[in-house]
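To keep things clear, I will list the structure first and then write my remarks on it.
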């Protein structure tokens, strides 16, 4: 292991995917943020010590607006995570594009556009975390991603963060985003913090201070609307809107289509969207996003991406190779 780092270096512990490390060398947000990490921590042993135990969790608008932010914060604390910074953010289309830049090869264009609208629909809250239990084998970022739970509600363990948040969430509305690997922590900090904030945060982390990114003074977890959000709640609110249609036969068809689309029928979702528009029925923006998410494909049929989504199994295999001194370039 080298003692000093230059800005072009991407050590193997940043990611278990060589393709990802190669691509991030040319990613503008990673390279700028990486420079600040190097300037702050200097040597590779010290840099790895701090970055290995650093994680990011973003509570998205559907979590904050439904009052789940405080619950997520408390669950993180109870699980042994120390909150280094909490920052309220309004994430616009440009930042959404940067954050999910490398997922675009998997997402359909319709899903990505809906993601932009979701992120712009309200505030998000970013948690910068460290773990009270340092793990030499796995970085905190991948452990936090594993704790978060699967995007698909059917695949989540009962003790995953998404599962204990409650509500019948969907693949699209899933409350939380986390940075997969140490290199993603670096890159996403470069997106979500400006240069001055990021350098102050890193200095505070090195010195052991808390509340480095703005702290709790502004109470960033206060819900904006306060309604309990789940697909079922959206279904009920949309049903109430459709009940305003004066024609009883159309109301009956609308009710049937709504139930059908929440069971997975895209054509009926399109019909509900058309009825809401034609009858000028108003629903919450979040409910509009829910119903539109039922009408589109989530993933491309022909997916393309230079590296897969990182899972704990990748890191376990990678750690085994590293322990056996088998170089992975």
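Nothing in this text is a laboratory measurement; each read-out follows from the coordinates by a stated rule. As the structure is a computational prediction, the values presented were derived from the model and not from experiment. In this analysis, Cβ positions are derived from the backbone assuming ideal geometry, glycine residues included, and neighbour counts consider all displayed protein chains.
Would you mind checking the tilt of helix 248-261 against the longest principal axis of the Cα atoms of the chain, expressed as 0 to 90 degrees and rounded to 10?
The angle comes out near 20 degrees.
Please give the contour-minus-distance gain from residue 133 to residue 164: 0.36 nm per residue of separation, less the Cα-Cα distance, rounded to one decimal in nm.
Numbers: separation 31, 0.36 × 31 = 11.16 nm, distance 2.18 nm.
Once the chain is fully extended between residue 133 and residue 164, it gains 9.0 nm.
Which value at 222 nm does the chain reach when only helices count, each DSSP H run of 4 or more adding -39,500 (n - 2.57), with the total divided by all residues and rounded to the nearest 500 deg cm²/dmol? Could you put the intermediate results ahead of the total?
Numbers: 16 runs with 161 residues, N = 329.
Value at 222 nm, helices only: -14500 deg cm²/dmol.
Rank these for me by crowding, 16, 261, 183, going from fewest to most other beta carbons within 10 Å. Could you put the intermediate results ahead of the total?
On the way: 16 25, 261 22, 183 28.
The fewest-first ordering by Cβ neighbours comes to 261, 16, 183.
Relative contact order, percent, of the stretch 12-222 when contacts are C-alpha pairs under 8 Å separated by at least 6 residues? Working shown, then result.
Working: 314 pairs, mean separation 74.7, N = 211.
Value for the stretch 12-222: 35 percent.
What percent does the relative contact order of the stretch 236-329 come to when contacts are Cα pairs within less than 8 Å and at least six residues apart? List each step's numbers first, then the result.
Values: 60 pairs, mean separation 22.5, N = 94.
Relative contact order, the stretch 236-329: 24 percent.
Got a sec? How would 296, 205 order by Cβ neighbour count within 10 Å, fewest to most? Walk me through the numbers on the way to the answer.
Details: 296 16, 205 22.
Ranked by crowding around the Cβ, least crowded first: 296, 205.
Take 159, 180 and order them by how many other Cβ atoms sit within 10 Å, fewest up front.
Values: 159 10, 180 27.
The fewest-first ordering by Cβ neighbours comes to 159, 180.
Quick one: length gained pulling residue 104 to residue 194 fully straight, 0.36 nm per residue minus the C-alpha distance?
Working: separation 90, 0.36 × 90 = 32.40 nm, distance 2.42 nm.
Stretched fully, the residue 104-residue 194 segment lengthens by 30.0 nm.
Using Cα centres only, tell me the gap between the stretch 65-134 and the stretch 135-152 in whole Å.
15
Could you tell me how many degrees, from 0 to 90 and to the nearest 10, lie between the Cα long axis of helix 231-242 and the main elongation axis, the longest principal axis, of the Cα atoms of the chain?
30
Explain nothing, just the number: relative contact order of the stretch 1-125, from Cα pairs under 8 Å at least 6 residues apart, as a whole percent. Intermediate values should be presented prior to the final figure.
Working: 91 pairs, mean separation 34.5, N = 125.
The normalised contact order for the stretch 1-125 reaches 28 percent.
Points 7 angstrom from Cα along the Cβ direction at residue 43 and residue 324: gap in nanometres?
Output for this residue pair reads 3.2 nm.
Using only Cα atoms, what Kirkwood radius does the stretch 231-293 have, in angstroms? Could the numbers behind the result be given before it?
Working: mean 1/r = 0.0891 Å⁻¹.
When all Cα pairs of the stretch 231-293 are included, the Kirkwood radius is 11.2 Å.
What number results when the radius of gyration of the stretch 35-192, computed over Cα atoms, is divided by 2.2 N^0.38 Å? Walk me through the numbers before you get to the answer.
Values: Rg = 15.5 Å, N = 158, 2.2 N^0.38 = 15.1 Å.
With N residues counted in the stretch 35-192, Rg over 2.2 N^0.38 Å equals 1.03.
By how many nm would the segment from residue 305 to residue 285 grow when fully extended, if each residue of separation counts as 0.36 nm and the alpha-carbon distance is taken off?
Values: separation 20, 0.36 × 20 = 7.20 nm, distance 3.10 nm.
Here the answer is 4.1 nm.
Suppose each label sits 7 Å from its Cα in the direction of the beta carbon; what would the residue 74-residue 228 distance come out to in nanometres?
Taking the simple label geometry, residue 74 and residue 228 are separated by 1.5 nm.
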